[in-house]
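Beneath this line is the structure, given in structure tokens, with notes to follow.
The values are calculated or read from the model by the stated rules, or taken from the named source; none is laboratory data. Computed from a predicted structure; not experimentally measured. Positions of Cβ are backbone-derived with ideal geometry, glycine not excepted, and every protein chain shown enters the neighbour counts. Note: areas computed on protein heavy atoms with side chains; ligands, DNA, RNA excluded. Shrake-Rupley method; radii C 1.70, N 1.55, O 1.52, S 1.80 Å.
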Amino acid sequence: MGCCNKLCGLKAGIGAGIAVAVLGIILIPVGNNIIRETVTKESVIEPGTTAWDNWVSADAPVYRQFWLFDVQNPQDVVENGSKPKLVEKGPYTYKTRYLPKENITANPEDYTISFLLPAGAIFEPSMSVGSEEDSVTSLNLAVAGGYKLFPPWVLEAAIKLNNVSLFQRRTVREILWGYKDPILKGTLGLFFPYNGTYDGPYSVFTGKDDISKVSIIDSWKVSFWNNTYCDMINGTDGSSFSPFLDKKKPLYFFSPDISRSVSAEYERSLDLKGIEVYRFKLPPLTLASPAVNPDNHCFCTDYVVTKNCTLAGVLDIRQPVYISLPHFLHGSPYLVEDVEGLGPSEEHHATFLDVEPTTGFSLRFAKRLQVNMMYGPSKIITVLKKVKDYTILPIVWLNETASLDDETADRFKKELLSRVDMLETVQFTLIGLGSAALVLCTVAHCLVRNLSYF
């Protein structure tokens with residue numbers, strides 16, 4: 001009778017072990033569904049969600065770091081046609097994107113939301129190598145701009161009348177944010193106007209009806225390239241993507257700085273303050289020549305300067321302004337060879353996004369680009385008579401960057417990752433306990449049965 005009771009108890013233990021293990025297994029898809037539903041709900045861009053708070057105003061501070069190129073031999077370039085010798089000065093750092101979005105208007109009929117993005121820049125002396133009053137020798141913006149805009153004799157007369165040359169000495173503040181130009185009689189600057197202006201209007205999908213569309217830009221301003229293909233807007237603004245990333249698929253985002261969409265490809269997984277992130281980087285094909293990447297053909301607007309669209313690594317956004325990656329990374333070799341002092345580096349000059357795969361939030365990023373201006377030979381303009389060929393000269397490169405701080409990382413882990421970890425712990429604990437009970441009770445059952453025969 002005792003053995004019978006023991007066998008019955010062990011059989012019950014086996015059944016309980018199986019039940020507990022099965023419960024743990026069942027909890028895996030159930031738990032995954034709970035996580036998916038929670039993340040999906042919190043990723044929708046609407047008041048009351050986690051995504052809304054981060055979307056209206058950037059949670060982490062965003063900085064723009066500028067490195068200006070100081071021309072060391074301006075006279076030698078003008079008088080002898082020598083290569084420009086460049087020395088990089090920087091960073092000069094500004095806090096940007098600290099203002100919340102404005103004119104936010106929900107459009108429930110198509111699940112979009114429209115807004116304006118205000119621009120602002122605050123100089124950060126503690127994060128800079130010097131002051132905004134530091135001076136550099138740089139290309140004369142009016143001369144370079146006038147090279148394509150005015151007849152040669154008009155530009156020659158303006159240069160002589162105002163006693164200027166191909167290069168000029170200006171402060172960091174003037175080159176970036178503007179100065180009164182004697183030739184054009186107006187304000188010139190690489191980023192003028194900026195403070196007090198707006199980017200947009202934008203319209204983005206909220207993800208309310210389809211979470212895979214969340215943050216994707218539906219429309220922006222007006223067409224820039226006057227080409228249907230080149231004016232297509234693909235992806236988000238890069239600050240977030242749809243949740244549950246598939247690292248095998250590229251991420252698409254639109255950059256207003258270059259007025260075009262680009263893609264980023266998965267490179268590797270990293271640990272960022274205890275959070276796993278996927279690093280996505282711009283591939284070399286992004287600014288490849290149309291001969292290599294036919295998708296870039298509509299971005300080629302000057303067949304002479306680009307040598308019949310075989311030039312790689314630059315984007316003609318508004319002649320004579322050309323955008324590239326810093327130090328002409330991934331560009332045609334002669335871009336680097338035409339000047340002295342450049343050294344392209346993947347580590348320092350590539351653009352990347354570190355994205356948390358469950359939520360799709362970009363927790364760290366570095367968007368890097370370089371502003372260049374073109375000048376070329378002339379038989380009439382004195383300061384260009386010694387120039388041998390078209391030269392695309394680097395003026396400044398910038399790094400727009402942000403990263404979550406320790407406080408935000410702890411909150412992120414507490415609100416999301418801790419719940420996922422707890423659920424996984426419960427699942428595997430149940431599976432472990434159930435399996436252990438099953439094994440132990442089965443072994444004991446066999447022993448008791450064997451003993452009952454004696």
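Just one of the listed residues (145, 186, 130) is at pLDDT 95 or above and either out of contact with any helix residue (DSSP H, G or I) (no Cβ under 7 Å at 6 or more places or on another chain) or closer than 30 Å to residue 249 by Cα (or both), namely 130. Inspect all residues belonging to region 372-392 and state whether any of them is touching a residue at least 12 places away in the same chain (Cβ under 8 Å), in a strand (DSSP E or B), open to solvent by 30 Å² or more (accessible area, probe 1.4 Å) and touching a Leu at 6+ places or on another chain (Cβ under 8 Å). For region 372-392, residues touching a residue at least 12 places away in the same chain (Cβ under 8 Å), in a strand (DSSP E or B), open to solvent by 30 Å² or more (accessible area, probe 1.4 Å) and touching a Leu at 6+ places or on another chain (Cβ under 8 Å): absent. Taking the condition of being crowded, with 16+ Cβ neighbours inside 10 Å and part of a strand (DSSP E or B), how many residues in region 306-349 meet it? Number satisfying all stated conditions: 8.
Take residue 95 and decide whether it is closer than 20 Å to residue 344 by Cα and either surrounded by fewer than 21 Cβ atoms within 10 Å (Cβ to Cβ) or hydrophobic (A, V, I, L, M, F, W, C) (or both). Here the answer is no, as residue 95 does not meet what is asked.
Summed over region 370-406, the residues that are within 30 Å of residue 274 (Cα to Cα) and touching a strand residue (DSSP E or B) at 6+ places or on another chain (Cβ under 8 Å) give a count of 7. For region 78-115, a residue qualifies if it is assigned to a strand (DSSP E or B), touching a Leu at 6+ places or on another chain (Cβ under 8 Å) and either over 24 Å from residue 342 (Cα atoms) or polar (S, T, N, Q) (or both), and the qualifying residues are 102, 103.
Between 248, 213, 281, 208, which is over 29 Å from residue 403 (Cβ atoms) and among the charged types (D, E, K, R)? Unique residue meeting the criteria: 208. Checked against the criteria, residue 351 counts as polar (S, T, N, Q) and modelled with pLDDT of 90 or more. Residue count for region 144-173 satisfying the condition of being of a type in the set (D, E, K, R) and either open to solvent by less than 30 Å² (accessible area, probe 1.4 Å) or under 24 Å from residue 76 (Cβ atoms) (or both): 4.
Counting only residues that are open to solvent by 50 Å² or more (accessible area, probe 1.4 Å) and part of a strand (DSSP E or B), which one in region 175-231 is nearest to residue 100 (Cα to Cα)? My answer is 198.
Scanning region 359-366 for any residue that is in contact (Cβ under 8 Å) with a residue 40 or more places away in the chain, part of a loop (DSSP other than H, G, I, E, B), over 30 Å from residue 206 (Cα atoms) and under 18 Å from the mean Cα position of the chain (by Cα) turns up nothing.
Report yes if some residue within region 116-129 is assigned to a strand (DSSP E or B), charged (D, E, K, R) and under 30 Å from the mean Cα position of the chain (by Cα); otherwise report no. Among the residues of region 116-129, not one is assigned to a strand (DSSP E or B), charged (D, E, K, R) and under 30 Å from the mean Cα position of the chain (by Cα), which makes the answer no.
Residues being part of a helix (DSSP H, G or I), in contact with a strand residue (DSSP E or B) (Cβ under 8 Å, 6 or more places away or on another chain) and modelled with pLDDT under 95 are represented in region 44-54 by at least one member. Over 23 Å from residue 133 (Cβ atoms), among the hydrophobic types (A, V, I, L, M, F, W, C) and at pLDDT 95 or above, is that true of residue 176? Criteria not met by residue 176.
Taken together, the residues in region 244-283 that are open to solvent by less than 40 Å² (accessible area, probe 1.4 Å), of a type in the set (D, E, K, R) and at pLDDT below 95 amount to 1.
Could you tell me whether any residue of region 238-253 is assigned to a loop (DSSP other than H, G, I, E, B), within 28 Å of residue 36 (Cα to Cα), among the aromatic types (Phe, Trp, Tyr) and touching a residue at least 60 places away in the same chain (Cβ under 8 Å)? Checked against the condition, which is being assigned to a loop (DSSP other than H, G, I, E, B), within 28 Å of residue 36 (Cα to Cα), among the aromatic types (Phe, Trp, Tyr) and touching a residue at least 60 places away in the same chain (Cβ under 8 Å), region 238-253 yields at least one hit.
Considering only region 285-303, I want to know if a residue exists there that is in contact (Cβ under 8 Å) with a residue 40 or more places away in the chain, open to solvent by 10 Å² or more (accessible area, probe 1.4 Å), over 21 Å from residue 260 (Cα atoms) and of a type outside the set (Val, Ile, Thr). There is no residue in region 285-303 that is in contact (Cβ under 8 Å) with a residue 40 or more places away in the chain, open to solvent by 10 Å² or more (accessible area, probe 1.4 Å), over 21 Å from residue 260 (Cα atoms) and of a type outside the set (Val, Ile, Thr).
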